[in-house]
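One structure below.
The values are calculated or read from the model by the stated rules, or taken from the named source; none is laboratory data. All values derive from a computational prediction rather than experimental measurement. Every residue, glycine as well, gets a Cβ built from its backbone with ideal geometry; the counts of neighbours run over all protein chains shown. These accessible areas exclude ligands, DNA and RNA; they are computed on the full protein's heavy atoms, side chains included. Shrake-Rupley method; radii C 1.70, N 1.55, O 1.52, S 1.80 Å.
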Amino acid sequence: MRRLTALLVLLILALAAVSPLDAQSSPYNTWTLGPNGFFTQTQDAYTPLAQIDLPVSSPEDMFYGPDGYLYVADTGNGRILRLDSDFQIVAELGNDLLRSPTGVFVNEDGTIFIADAGANEIVILDRDGNLVNSFGRPTEPLFGARREFRPRKIAVDQRGNLYIVSEGSVDGLVMMNTAGQFIGYFGANTADMSLKMILQRLFLSDEQLAQFIRNEAASPSNVTIDNQSLVYTVTAGSDTGGIGKFTVSGRNVMDTPWFRSSTFRDIHASEDGLLAVVDADGTIFEYDLNGAVLFVFGGPDRGDQRLGLLSNPVAIERIGGQLAVLDKGKNAIVTYGVTDFARTVHDGVRLYMDGFYSEARPDFNEVLTYNGQMLMAYQALADASFSENDYAGALVDYRLAEDRAGFSESFWELRNAVLQRHLGNALIVMAGAWVGYAVVKRVGRRHDWLRGPRGWWQRARRVRLVDDFVFMFRFIKKPADSFYYIKTNERGSLPFALLLYAWIIALRILTLYITGFVFNPFSAAWQISVETELVYTLIPLVIWNIANYLIASISDGEGSLRHVVIGTAYSLFPYALFTLPIALLSNVLTRNEAFVYTFSTQMVLVWCGIMLVIMVKEIHNFSFGETVRCILITLFTMAIFLLAAYILYVLFNQLFEFIEAIFREANLRG
């Protein structure tokens, strides 16, 4: 027994030695972007190292300068602190010059640029803290006669242009030079436009619109700049708030990040191709420069005082392999150290962002040995295979990365190679088949070879279901006459209609499995919820039949419930007939031929819609106006049914919880 215990202890120690997880447990989980766009838990990317308490009051900003010092805007005490690598104060700057500094930036020659919110000025100091220049609101007419200048954050490019976050500036960042001259506005956000706002602008007068709050773009809330003079902003307080990446011309080139927040506080862009963003709730996000999520970690400190949790973060900086976050609520800097796992990811991202896809392959292969669900790793491997003309390998990895654009391009290359190799032979075979068919057809007419099959087909049509199926093809050609036959009970049967409904429901589920990846809303079969799709398909059909019959009955419609059920099923025959071939066809199409797929599916739906209109008109003997009115009221009734069902579900759910609580209380008292 003792030997067994000793072996188990040794095994546990060995596993701990090879584990990529850091030995120190973190007070938070780390997440990365996984399949189907969901976050999946992964190994720690950063572990908390230390909390450095500072003699500051309500600090608002922090900047790690090229000189190796860390600069902190001590807003409450009206000064800038310079900290060394041990986070010790080595200098106090601007004591007699600043009121409430909220933004700080240091360039290559050590010049310090400060946004002083207390004085609404920009203050420029030299390396030793001597005043170089200070200026306030621009006087140029282009700035705007009624525009206020309330500087909060600042960044400076290599040409000496200042990018200033002015609170409430809906035109974007304020650009100025070091002499205080206004250059222009830069990097404006777009205004949110809802359907309600669009309708208001269409139907309300200018006087009425003036009574509403003006719909203006949100002002950027923080700014940083990288070594290539690309400007990054974060915007708080907007539903579409997130990250902006602007070129020197002011064009936003940032792909929309998968995760956006309206409470981002600060952003940092490193030379390694990494973006670090801190949120007001203490969560830290790490992206690559294209906006792909790498890691999400951290969390709020709700009084637990656990190292690594944040109370009121206001700034984030990368210092070597560490992240440093300035916590205004704690008057402290919290540092995080990168783990070996995250360092491997960073090495791969660095090579990947520089275009060295093949060189990044070993790093991302190692990453996948620790976490096989990290989409970024599959994306990098797919791009590497594509750059090496390994389109088959790229096809596999693009699918795992859920990158439909890359999958389409790889498939196009493979399809093009197959066509070049076999197209000539395929055309010869097709031509031979056509000639053979023509010969067999002519000889068959002469010798009457088809007499037996014709007799068999005539006998088969005596079966009601077979005859109903054949009738469907006549129905497509002459729907109005066919609905009349259904109404008079001459053609159509309820059993065949029910079979048609069953086929439509099965077809809906089947197409989700066989539609090509490029056009499929799901990336893998396990993501498909058969029960959900069954409910989403069956309930509208049931409610439509009931609602249409009820509305038609009170509108003097002549059709019975049986006629409505059969007519609706037959109206959906184009869907039943063409959806499967379209789904199969999608497997050989790329995004270049997306029009073929989308047009085909839309035409089938439009066709079914037209059939339903004709069905309502002919079954109930309505005029066109009465038909439109009946359909609109039917759709409204369906909405009422769904709303009533939802209300009943909520009420019964609360009743069940109430009864359950009573029994639980009775058991506790008993």
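Just a few scattered comments:
- Annotation for segment 89-98: at least one member residue is open to solvent by 40 Å² or more (accessible area, probe 1.4 Å), in contact (Cβ under 8 Å) with a residue 12 or more places away in the chain, aliphatic (A, V, I, L, M) and closer than 26 Å to residue 174 by Cβ.
- Meets criteria (within 30 Å of residue 488 (Cβ to Cβ), in a helix (DSSP H, G or I) and at pLDDT below 90) for residue 631: no
- Among (1) exposed (fewer than 15 other Cβ atoms within 10 Å of the Cβ); (2) of a type in the set (Gly, Ala, Ser); (3) under 22 Å from residue 614 (Cα atoms), the one test that residue 493 misses: (1)
- Restricting attention to segment 637-670, the residues that are of a type outside the set (Val, Ile, Thr), assigned to a helix (DSSP H, G or I) and farther than 30 Å from residue 552 by Cα total 17.
- Failed item in (1) open to solvent by less than 50 Å² (accessible area, probe 1.4 Å); (2) within 22 Å of residue 229 (Cα to Cα), with residue 138 passing the rest: (2)
- Within segment 63-79, residues that are farther than 17 Å from residue 327 by Cβ reach partners that are open to solvent by 50 Å² or more (accessible area, probe 1.4 Å) and assigned to a strand (DSSP E or B) with beta carbons closer than 7 Å, at six or more positions or on different chains, in the pairs 79/92.
- Check on residue 157, among the charged types (D, E, K, R), at pLDDT below 90, under 26 Å from residue 119 (Cα atoms) and open to solvent by less than 70 Å² (accessible area, probe 1.4 Å): no
- Here segment 160-180 is the region considered, the condition is being of a type in the set (A, V, I, L, M, F, W, C) and in contact (Cβ under 8 Å) with a residue 24 or more places away in the chain, and the residue that is surrounded by the fewest Cβ atoms within 10 Å (Cβ to Cβ) is 179.
- Matching residues in segment 20-79 - criterion: being open to solvent by 50 Å² or more (accessible area, probe 1.4 Å) and of a type in the set (Phe, Trp, Tyr): 31, 38, 39, 64, 69
- So residue 572, is it closer than 17 Å to residue 471 by Cα, open to solvent by 20 Å² or more (accessible area, probe 1.4 Å), modelled with pLDDT under 90 and more than 32 Å from the chain's Cα centre (by Cα): no
- Test: residue in segment 513-521 that is open to solvent by less than 20 Å² (accessible area, probe 1.4 Å), touching a Phe, Trp or Tyr at 6+ places or on another chain (Cβ under 9 Å) and assigned to a helix (DSSP H, G or I): no
- Each residue in segment 532-550 was checked for being over 16 Å from residue 605 (Cα atoms) and open to solvent by 30 Å² or more (accessible area, probe 1.4 Å), and 10 of them qualify.
- From the list 560, 553, 529, the one residue that fits, being open to solvent by 30 Å² or more (accessible area, probe 1.4 Å), over 27 Å from residue 637 (Cα atoms) and polar (S, T, N, Q), is 529.
- Scanning segment 586-609 for residues that are assigned to a helix (DSSP H, G or I) and β-branched (Val, Ile, Thr), we see that the one that is least open to solvent (accessible area, probe 1.4 Å) is 604.
- Within segment 29-44, being assigned to a loop (DSSP other than H, G, I, E, B) and at pLDDT 90 or above holds for 29, 43, 44.
- Just one of (1) under 19 Å from residue 313 (Cβ atoms); (2) modelled with pLDDT under 80 fails for residue 6. It is (1).
- Pair list, Cβ under 6 Å, 6 or more apart: segment 299-325 residue without any contact (Cβ under 8 Å) to a residue 60 or more places away in the chain and within 20 Å of residue 235 (Cα to Cα), other residue among the hydroxyl-bearing types (Ser, Thr, Tyr) and open to solvent by less than 10 Å² (accessible area, probe 1.4 Å): none
- With respect to the conditions (1) open to solvent by less than 50 Å² (accessible area, probe 1.4 Å); (2) in a helix (DSSP H, G or I), residue 617 lacks only one, and its number is (1).
- Taking each residue of segment 576-595 that is over 22 Å from residue 416 (Cα atoms) and of a type in the set (A, V, I, L, M, F, W, C) and looking for partners that are open to solvent by less than 20 Å² (accessible area, probe 1.4 Å) and part of a helix (DSSP H, G or I) with beta-carbon atoms closer than 8 Å, six or more apart or interchain, yields 576/500; 576/504; 576/507; 577/472; 578/604; 580/507; 580/511.
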